[in-house]
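First up is the structure itself, then whatever we jot down about it.
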Amino acid sequence: MLQEYLPLTFNSTISAVEPVISVTNLNHYFGGGGLRKQVLFDINLEINAGDIVIMTGPSGSGKTTLLTLMGGLRSAQEGSLKILGQEICGANKQQLTKLRRQIGYIFQAHNLMTFLTTKENVRMSLELHDEFLNQDINAKAIAMLETVGLGQRVNYYPENLSGGQKQRVAIARALVSHPKIVLADEPTAALDKKSGRDVVELMQKLAKEQNCTILLVTHDNRILDIADRIIYMEDGQLKTDGVDVSS
Ligand SMILES: Nc1ncnc2c1ncn2[C@@H]1O[C@H](COP(=O)(O)OP(=O)(O)OP(=O)(O)O)[C@@H](O)[C@H]1O
């Protein structure tokens with residue numbers, strides 16, 4: 001599971017044909033010296049703008065590691081990893097911070113600020129972006145909450161919302177700034193079947209409207225059908241990559 005939330009903005013522009021994420025011969029290791037352990041092996045992958053990609057596979061297969069690398073949440077060590085046209089293998093902290101402002105994150109635990117209302121949680125995401133500072137960010141946050149069906153809950157605190165409602169606030173927070181990429185790690189894990197389904201269908205709808213790429217890690221087979229493409233990881237390797245959601 002993603003543990004960190006690191007906000008991000010950088011000014012790269014990407015052409016329509018260039019993949020939003022391009023991974024070439026990527027390896028990753030944890031630990032050092034005699035304890036050094038390779039957890040990703042020669043990953044090659046391209047993800048196009050607007051695609052909803054689900055990454056699945058057994059526990060420990062490297063999904064979260066790959067997701068955190070693609071989100072600029074940890075440094076890539078070996079190979080090439082281009083996000084929105086920018087090489088981030090070897091990128092410094094400042095470059096990673098800029099990158100992270102262009103990405104929305106949705107976590108298993110919604111990670112909302114408990115001392116802020118739903119509106120304030122969503123507004124906080126806009127406050128990280130200079131381009132919104134001259135706009136009515138309150139109105140934008142409320143409009144986004146209305147879009148996710150929480151127009152009546154803008155002044156509620158997270159503790160007074162159901163699990164599904166909290167996750168919808170997290171979706172509003174991730175998408176309100178219209179990021180090009182949203183990364184989601186087990187977004188339905190804490191939800192019942194219906195709430196989980198509602199949450200991913202909402203993500204799918206908003207992503208298609210905004211032409212946003214979604215990369216979603218899940219063990220939840222019930223949501224595979226929302227994907228344009230499914231990637232299967234095993235033992236740190238990308239085993240299958242396809243669009244056949246029935247397999
Ligand atoms: N910070 C870390 N330090 C050392 N090893 C780690 C670290 N994070 C993950 N690993 C190891 O890397 C491997 C891949 O872990 P990762 O969390 O990416 O798998 P996963 O497929 O996301 O698993 P899950 O589905 O259980 O979340 C595992 O063997 C794990 O123990």
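Taking Lys and Arg as +1 and Asp and Glu as -1, the other residues whose beta-carbon sits under 15 Å from that of L133 total -1. Between A76 and G90, A91, the built amide H atoms are under 5 Å apart, and every one of these is 5 or more places off in sequence or on another chain. Working ranking of peptides 170-183, 96-109 by packing, defined as the average number of other Cβ atoms within 10 Å per residue, highest first, is 170-183, 96-109. Bridge orientation summary for region 21-241: considering DSSP beta bridges with both residues in this region, about 50 percent are antiparallel. Would you give the gap between the C-alpha center of region 168-222 and the C-alpha center of region 38-54, rounded to a whole Å? Distance between centres, Cα-based: 18 Å.
Any read-out appearing in this document is the output of simple, stated calculations on the displayed coordinates, not a laboratory observation. Just so you know, these numbers come straight off a predicted model, no measurement behind them. Reconstructed Cβ throughout: ideal geometry from the backbone, glycine too, with neighbour counts over all protein chains shown.
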